Structures are given as structure tokens and as C-alpha cells.
């Protein structure tokens with residue numbers, strides 16, 4: 001455990017009856033980082049957060065906060081405030097009283113309580129709503145109250161459980177930058193649980209991807225996006241074309257993946273046993289289209305165009321390869337301008353060998 | 001009814017439904033209204049045409065020490081029953097809200113059972129039981145019996161309110177540093193307050209009006225409804241109408257208060273220190 005570790009999960013397991021919600025969790029949260037825990041529903045991400053908050057007790061293993069085991073500490077004795085998916089603001093208290101709540105529970109005097117609440121109301125730009133009832137606030141204002149209510153105790157760590165899921169798209173983007181700035185300015189460690197890739201990747205310093213109670217990969221958004229560690233992660237992100245085959249040593253030094261669509265070269269180092277099964281991913285933005293078979297590359301095959309999807313500045317072209325595999329190509333509109341994009345048209349797919357990423361375990 | 005400009009509503013049906021409601025209420029309230037009218041009538045017997053307007057019967061009951069004694073008993077019993085039933089009902093409702101345990105369905109069924117037992121049976125059973133443990137024939141026995149009848153109402157009312165609470169509210173308070181007791185005091189009780197007051201008024205009203213059980217167990221400490229029966233057995237007097245009107249207005253006030261609290265925005269004044 002290094003000096004900048006704030007939280008560590010050591011062999012943490014959580015069972016609900018016979019259901020294994022979290023299995024063997026071993027990871028660390030660094031001081032001052034923005035960590036996103038991402039996965040589909042039921043993957044154990046919320047259970048992990050709730051164990052850290054002290055709302056669930058681990059069945060096995062140890063959770064340490066600043067080096068000390070906190071397994072047996074009730075949630076009200078931990079400084080691990082949480083922002084809830086429903087926000088869980090107290091409807092019978094006004095904005096100021098909501099923000100003061102945690103201080104009042106800690107026995108902070110009235111004057112001091114008011115002063116500290118005032119600071120956070122000001123910081124979250126909700127001073128003008130201080131005397132309002134919660135029911136009179138908009139969604140974005142409620143978010144700010146929830147943040148102020150949790151941060152008023154100036155904790156080392158803030159837990160967030162999908163707090164933006166109820167907001168509309170525009171407000172969501174705005175709150176993302178509010179959260180990111182707040183985290184940077186305060187230096188408080190944020191642990192943010194979400195099922196949304198765009199939220200996790202736009203805010204987090206590191207992302208944990210969970211599936212079926214296990215961690216699939218931990219890394220920076222860049223690392224995870226470019227070099228998914230498993231086929232699951234690549235499929236979960238959905239931004240790569242995935243090829244399955246057996247590895248061979250290439251005649252020009254690199255390695256070659258023998259797939260039903262052809263033999264594809266990759267620039268990566270030959271870290272794997274020739275003859276073993278492997279998966280290769282190529283980002284859809286690094287996959288190119290051509291009308292003529294490009295010369296000088298082996299990484300090419302033909303596919304039939306089946307659809308086009310307009311996504312703002314870019315478009316995604318869907319094609320069907322022989323054998324039925326779906327191929328995605330994402331390009332800017334100017335790059336697509338010269339191509340005859342018609343449904344049913346045969347086009348050549350190609351990519352640079354250095355853009356192929358090989359995952360050892362198939 | 002302003003639904004006539006609504007495209008999807010039939011005017012004839014609207015009028016028929018309106019008439020149905022008026023008739024149903026008329027059927028329910030006609031006897032009470034009659035009692036109300038005759039309580040201000042100077043004639044000895046209820047008959048049409050009416051005599052003169054008079055407050056004689058009210059004067060008569062105000063002078064009757066027996067009525068005063070009954071009213072005092074009723075009030076004393078009612079207030080205590082309201083407080084105790086509401087406290088018990090709150091505990092039972094919170095237990096149901098907070099905990100999962102085997103046999104919870106049985107627990108709920110038993111907790112809500114007493115009002116479904118015919119009151120005659122309940123009164124008889126109470127009398128037999130309370131006299132066995134030497135508690136019959138006084139105000140305490142009426143209180144105990146009425147709590148048995150009223151607590152389930154309180155529980156049902158408070159349980160409904162708790163079911164409207166965001167399940168994250170209580171853990172959110174814990175997470176912000178409130179122990180379980182502090183959360184009870186600063187979150188659960190304030191949130192439930194409209195229902196707690198509602199339950200208090202309704203259980204008081206039920207106790208004021210309850211006759212059968214009180215008749216069995218009250219002994220010499222008769223509540224007002226039991227006294228009324230005593231009057232009726234002796235003589236038919238318009239005083240009964242006056243008492244009836246008085247009790248009716250008192251009960252309705254309580255029920256209306258409860259209804260306002262329960263259907264309001266649920267906002268109670270914040271807990272200030």
C-alpha cells in the first residue's frame with residue numbers, strides 16, 4: 001500500500017443469501033483522485049460503494065480508510081458522505097437546514113453551523129434559495145443542495161451513486177463540469193458510480209469496470225479505451241471492432257492473427273504463444289473504408305454496407321462482413337464525402353497494423 | 001363540475017354521477033341532520049311541523065351533572081387512548097417499515113386484526129379478561145379496551161405515510177452522521193408528523209364514539225355514548241339530539257383536522273432548536 005492510498009479493498013466479498021454480489025475485490029483508491037466505478041446494473045458497483053459508506057457490511061475481507069480497517073464502523077461514525085441517486089434531500093427541511101444537517105448531528109454549534117453552511121451555499125451558488133423548500137427547486141438546484149449537504153463536513157472522500165441519472169442531457173453535461181471542477185478545486189477524493197460510459201470517461205481520472213461482482217479492468221479512460229484488457233471490456237465499451245482467431249508469428253517480425261476474415265498483422269510485441277487463441281480489437285475510429293482494395297496492407301477485407309447513423313460531427317457506418325459479423329466505422333463527414341455510401345454496396349475495410357490491439361486471453 | 005368542455009366526458013353520465021353522490025350523502029347524513037334540527041326544536045317529540053327555535057335542550061344537558069361526568073370520562077379516556085394508540089401504532093408501523101423478518105405477514109395480520117372482530121365479542125372478551133385480572137369497571141379498563149380497538153387505525157395511517165418516504169432518506173441521515181435515535185428524532189418523526197397528528201385525532205374520535213366495548217367494561221365510569229343509552233332507556237328526550245349533535249361536531253372536527261393534515265402537502269414546520 002503506497003502513501004497516497006486513501007482506501008483499500010482487500011479480498012472483499014459480499015453475499016446476499018446465496019447471491020454473490022461482489023467477489024474478491026482487491027483495489028485501491030488514491031488520495032485526491034476522481035474514480036469512476038462503471039458497469040451494467042447488478043454488476044456490484046453500488047454494493048461496493050455502499051460497503052465503503054458503511055451501509056452494507058462485507059461478508060469477507062477488509063476495507064481500510066486511511067490505513068485503518070473500517071469494517072465494523074457504523075456509517076454515522078465514518079466520514080464517507082454519499083450523494084444518492086434519488087438525492088434523498090429532507091423534504092421537511094429547507095435548503096439551509098438540509099445543508100446544516102450533518103453539522104447539527106455532529107453537535108456543531110448554531111453560529112458555526114450557519115457560517116459553514118453559508119460557505120457551501122455560496123460555493124454551490126444556491127444562497128438565494130437558502131430559505132426555500134426542496135419541492136420548490138429545479139433538478140439542477142437539488143443536485144447542488146445534495147452536494148453542499150454532503151461536502152459541508154469537509155470529508156476526505158465523497159461517494160456519488162449515479163446522481164445525474166435523473167437530469168436531462170444538457171443539464172447532465174453542465175453538472176459533469178461542475179462536479180469535475182469541484183473535485184479539482186477541493187482535492188476531495190470522488191468515487192462515482194455510474195452505468196454511463198460518457199459520464200465516467202469525461203470526469204474520471206481512473207475508471208474501474210465491473211462485471212458480475214468482479215473488476216474487469218482499472219485504468220485511465222485512455223488506457224481502457226485504447227487497450228481493453230478483455231473481450232468483455234471491448235464489447236462493453238462498444239467502440240471497437242473485435243476479431244477472434246489464432247496467433248501466428250508474422251514473417252515480418254510482428255504477430256499475425258489468423259481469423260475467418262483473413263490474416264491480420266499487428267504491430268504489438270509478440271507476448272503470446274503462437275497457436276493460442278486470441279482476440280484483436282480495432283477502434284471504430286481507426287477503421288477505414290475504401291472503394292478499391294488498398295495495396296501494401298494485409299489488414300483488409302470486404303464487407304457490405306447495411307446502415308448509416310448520423311452522430312453529430314461524425315457518422316457511423318455499419319457493414320456486414322462475410323460470415324455475418326457486424327463492422328462499425330466511425331468517421332467525420334468530410335472523410336466520408338467521397339465514398340459511395342449506399343446500402344448493399346461492397347466496401348473494403350482496412351486499418352494500420354499498429355492500431356490492432358491483441359488481447360491474450362480469448 | 002367543470003368537465004362539460006372536456007371532449008372525453010359525457011355530460012349525461014357526469015350529471016348521473018353527481019346525482020348519485022348527492023343521494024348517497026343524503027342517505028348517510030339525513031338522520032344526523034334530523035337529529036341536529038330537532039335538537040333546536042322546542043317540541044317535546046320530534047314531529048313536523050317544527051315548533052319554535054330553542055336552546056332548551058342544550059341548557060338541560062348543560063345543567064345535568066350526569067352528562068358532565070360522562071363528558072369528562074369521555075374526554076379523559078379519549079385523550080389517553082389517542083396518545084397511547086398513536087405511540088403503539090407508530091412503533092408497529094415503523095417495525096413493519098424498517099425490518100424484514102420471517103412471519104412478517106402474520107405480524108401484520110395480527111396487528112391489524114382487532115377492528116375486524118365484532119365489537120360485541122370484543123367487549124365481552126374484554127370484560128371477561130379484565131375482570132379476571134381485576135381491572136374491569138373503571139376508566140382504565142375502558143382505556144385498555146379502546147387502545148386495542150384504536151391502535152390498528154393509528155398503525156394503518158402511519159404505515160401509509162412511511163410507505164411514501166424515500167427509502168434512501170433514513171440511510172442518508174445515518175450517512176450524514178446521525179445515529180439511529182437521532183435519525184428517528186430528526187428525520188422519521190418530522191417526516192411522519194402529519195400522519196402522527198392525524199392518527200391522534202382519528203383515534204380520539206373513535207374512542208369518543210365507541211359504545212359497545214365501553215358499555216361492557218366501563219362499570220360506573222360511563223362514557224358519553226353509554227350515558228346516552230341510559231337516557232334512551234328511561235325516556236325519549238330531545239336532550240339526546242343535543243348530545244348527539246355535540247358529539248358529532250366534536251368528532252367531525254377531529255376527523256376533518258386529521259384529513260387536512262393527511263392530505264396536505266405533508267410539510268410540517270421544520271424542527272428548530
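The values are calculated or read from the model by the stated rules, or taken from the named source; none is laboratory data. Note that the coordinates shown come from a computational prediction; the quantities given were computed from them, not determined experimentally. Here the Cβ positions follow ideal geometry from the backbone for every residue, glycine too, while neighbour counts run over all protein chains shown.
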Revision key, fill the gap. Scanning region A:124-133 residue by residue, those crowded, with 17+ Cβ neighbours inside 10 Å and part of a helix (DSSP H, G or I) turn out to be A:129
Study note, to complete from the structure: Restricted to region A:157-200 and to residues being farther than 12 Å from residue A:84 by Cα and touching a strand residue (DSSP E or B) at 6+ places or on another chain (Cβ under 6 Å), the residue farthest from the other protein chains (Cβ to nearest Cβ) is A:200
Practice item. Report those helices (runs of 4 or more DSSP H) wholly inside region B:164-221 carrying at least 2 residues which are within 28 Å of residue A:150 (Cβ to Cβ), touching a helix residue (DSSP H, G or I) at 6+ places or on another chain (Cβ under 8 Å) and facing another protein chain (nearest Cβ under 10 Å). Key: B:169-175, B:180-183, B:189-209
Review point. Somewhere in region B:137-157, is a residue away from chain A (no Cβ under 14 Å) and outside any helix (DSSP H, G or I)?
Key: yes
Practice item. Could you tell me whether any residue of region A:26-48 is touching a residue at least 24 places away in the same chain (Cβ under 8 Å), within 10 Å of another protein chain (Cβ to nearest Cβ) and surrounded by 23 or more Cβ atoms within 10 Å (Cβ to Cβ)? Key: no
Check your understanding: Could you say which residue among A:173, A:193 is within 19 Å of the chain's Cα centre (by Cα) and closer than 22 Å to residue A:53 by Cβ?
Key -> A:193
Check your understanding: If we scan region A:94-104, do we find a residue that is outside any loop (DSSP other than H, G, I, E, B), in contact (Cβ under 8 Å) with a residue 12 or more places away in the chain, under 28 Å from residue A:201 (Cα atoms) and assigned by TED's automatic domain parsing to the domain that holds residue A:200?
Key -> no
Check your understanding: Which residues, taken from region B:213-231, are surrounded by fewer than 19 Cβ atoms within 10 Å (Cβ to Cβ) and on the phi < 0 side of the Ramachandran plot?
Key -> B:220, B:229, B:230, B:231
Check your understanding: Taking helices (runs of 4 or more DSSP H) that do not extend beyond region A:182-272, which have at least 2 residues that are within 30 Å of residue A:162 (Cβ to Cβ) and free of Cβ contacts under 8 Å to residues at least 12 places away in the same chain?
Key -> A:221-226
Practice item. Name the residue, out of A:52, A:65, that is under 18 Å from residue A:156 (Cα atoms), buried (at least 19 other Cβ atoms within 10 Å of the Cβ) and over 19 Å from the mean Cα position of the chain (by Cα). Key: A:65
Point to revise | Filtered residues of region B:40-71 (kept if within 27 Å of the chain's Cα centre (by Cα) and more than 18 Å from residue B:215 (Cβ to Cβ)) | key: B:40, B:57, B:58, B:61, B:62, B:64, B:65, B:68
Review point. Which residues, counting only those in region B:69-87, are surrounded by fewer than 24 Cβ atoms within 10 Å (Cβ to Cβ) and farther than 18 Å from residue B:159 by Cβ?
Key: B:69, B:71, B:72, B:73, B:75, B:76, B:79, B:80, B:83
Point to revise | Lone qualifier among A:174, A:149 - being at pLDDT 95 or above and either assigned to a helix (DSSP H, G or I) or over 23 Å from residue A:32 (Cβ atoms) (or both) | key: A:149
Review point. Could we say that residue A:282 is assigned to a strand (DSSP E or B), farther than 14 Å from residue A:242 by Cβ and assigned by TED's automatic domain parsing to the domain that holds residue A:335 here?
Key: no
Exercise for review: State the number of residues belonging to region A:313-361 that are closer than 21 Å to residue A:298 by Cβ and outside any strand (DSSP E or B).
Suggested key: 10
Exercise for review: Taking residue A:100 as the residue in question, decide whether it is more than 7 Å from every other protein chain (Cβ to nearest Cβ) and either farther than 26 Å from residue A:15 by Cα or touching a helix residue (DSSP H, G or I) at 6+ places or on another chain (Cβ under 6 Å) (or both).
Suggested key: yes
Check your understanding: Residues in region A:64-78: is at least one within 17 Å of residue A:151 (Cα to Cα), within 11 Å of chain B (Cβ to nearest Cβ) and out of contact with any helix residue (DSSP H, G or I) (no Cβ under 6 Å at 6 or more places or on another chain)?
Key -> yes
Review point. In region A:285-304, how many residues are under 31 Å from the mean Cα position of the chain (by Cα) and either closer than 18 Å to residue A:346 by Cβ or in a strand (DSSP E or B) (or both)?
Key: 4
